[in-house]
1. Reported to two decimal places, what Rg/Rh ratio describes segment 124-256 when computed on Cα atoms with Rh from the Kirkwood expression?
2. Quick check: residue separation of CYS255 and GLU29 times 0.36 nm, minus the Cα distance between them. What number comes out in nm?
3. In whole angstrom, how long is each semi-axis of the equivalent ellipsoid of segment 1-71, when you take the square root of 5 times every eigenvalue of its Cα gyration tensor and sort them from largest down?
4. Using only Cα atoms, what is the ratio of the radius of gyration of segment 36-151 to 2.2 N^0.38 Å?
5. With +1 on each Lys and Arg Cβ and -1 on each Asp and Glu Cβ, how big is the dipole of the chain about its Cα centre, in debye rounded to the nearest 20?
6. Structure shown: which of LYS74/LYS95; LYS153/LYS180; LYS95/LYS180 lie over 29 Å apart, alpha-carbon to alpha-carbon?
7. What net charge do the residues around PHE254 carry, taking every other residue with its C-beta under 12 Å from that of PHE254, with Lys and Arg at +1 and Asp and Glu at -1?
8. Binned at 10 Å from 0, what are the whole-percent values of the Cα-Cα distance distribution for segment 192-256, short to long?
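Each reported figure results from applying straightforward, stated rules to the coordinates on display, with no laboratory input. Since we're looking at a predicted model, the values are computed, not measured. Positions of Cβ are generated from backbone atoms using ideal geometry, with glycine treated the same way; all protein chains shown enter the neighbour counts.
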Amino acid sequence: MNNLLSAQKVLVLGAGGFLGSKITKKALEQGAQVIAVDLKIEDLQVRLHRQGIDLDDSNVSLFELDVTSEQAVKSFFHTQSGITAAVNCTYPRNKSYGTHFLDVTLESFNENLALHLGSAFLVTQQCAAYFTRNQQAFSLVNISSIYGVVAPKFEIYQNTSMTTPVEYAAIKSAILHLNKYVARYINDSRFRVNSVSPGGILDNQPEPFLEAYKSNTNGTGMLDVDDVVGPVLYLISPQSLFVTGQNLIIDDGFCL
């Protein structure tokens, strides 16, 4: 077994999601203890079981947490001990999220920023506070996106009902600078905060979109979710000890 993460205790927020469940599985396989957190524990149990994770394994513990609740997040971090890394895969949003740009209301835009960017701030802040209290090495990875780095290529959405939500671009770009702010504010080599920015991840998208997207890459097209896990694990491992405030882009050349 590869023990890249031996002696690490990794918090995965959004562990019941598409990416979070894969990170949970791979972190366990690489020797970590994992605290798996999501909004509903029943859904979390189902998703992790589908990944083949033994829920009776003493190396995995499950918790229910609403990352948009300041009181709940603060309380959670005050009840935990020994955490060495965290990966925030959460993606809270409202029911109108995904509306085309000219139809987005200010109220909806602000609500989505509060939910997604606000919770990213809250988790990042409380990870920093946790480190400050405990004074033990800590690595945080937030999830950004290629559309936090470059403008959307709207032409690839032609002949589909899909779009890139304006809130998504605003939030994901803001997360990148939030990381830099916090890394500099804490100003301690033992506390690191980074991001990964995936390209599109394959998830039953329509064929016209898949073809158009692929034409903008070096040939792979949409990524498999597993393609994103390795860079995340690298950033929470001892192999990236002095990497901080950085953003790893995984997109097979889409941004070039």
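1. Working: Rg = 16.6 Å, Rh = 16.0 Å.
On the Cα set of segment 124-256, Rg over Rh gives 1.04.
2. Roughly 78.2 nm would be gained on extension.
3. They are 20, 13, 10 Å, listed from largest to smallest.
4. Against the compact-globule rule of thumb, the ratio is 1.22.
5. Numbers: 18 positive and 24 negative charges, 172 e Å.
My answer is approximately 820 debye.
6. From the list (LYS74/LYS95; LYS153/LYS180; LYS95/LYS180), the Cα-Cα distance tops 29 Å for LYS95/LYS180.
7. Summing Lys/Arg as +1 and Asp/Glu as -1 gives 0.
8. Result returned by the calculation: 21, 44, 25, 9, 0.
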